[in-house]
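K.L.:
Next up is a structure, given as structure tokens.
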Amino acid sequence: MTSPPVTIIGLSSTTFNPGFFGEVKYASGLASAASIPNYCMLVGNKLSTGTAVADTDIKDIFSVDDADLFFGAGSELARMCYQALKVPGVRLRAVAAAEAGG
């Protein structure tokens, strides 16, 4: 299941500045902190046995099996996923970085 993109007026998909961005919606009713989705994005190295394409695929991770399939069992990124999956209430996404060459 892929969540819909978040659209904030004044920001484009090419805005890559880290930080917090928000938008005030007037007359929209009461919102609680529990209704705000919390995401954790992990970036790291994968093994050649992983099916994800480095620097391209952003994967939703729901289980240890997902991490192993996409990034290779025991890879740096899979191990980060194992620990992040222990945090309740956080939606986990991960992307593999291409290995540095040079």
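K.L.:
For the list (1) modelled with pLDDT of 95 or more; (2) within 13 Å of the chain's Cα centre (by Cα); (3) under 22 Å from ALA100 (Cα atoms), I need the number of the one condition that THR56 fails.
P.N.:
(1)
K.L.:
Report the residue count in the stretch 58-84 for those that are within 29 Å of ALA33 (Cα to Cα), open to solvent by less than 60 Å² (accessible area, probe 1.4 Å) and in a loop (DSSP other than H, G, I, E, B).
P.N.:
Total satisfying the criteria: 1.
The values are calculated or read from the model by the stated rules, or taken from the named source; none is laboratory data. Not measured: the values here are computed from a predicted model. For accessibility, only protein heavy atoms count, side chains too; no ligands or nucleic acids. Shrake-Rupley method; radii C 1.70, N 1.55, O 1.52, S 1.80 Å.
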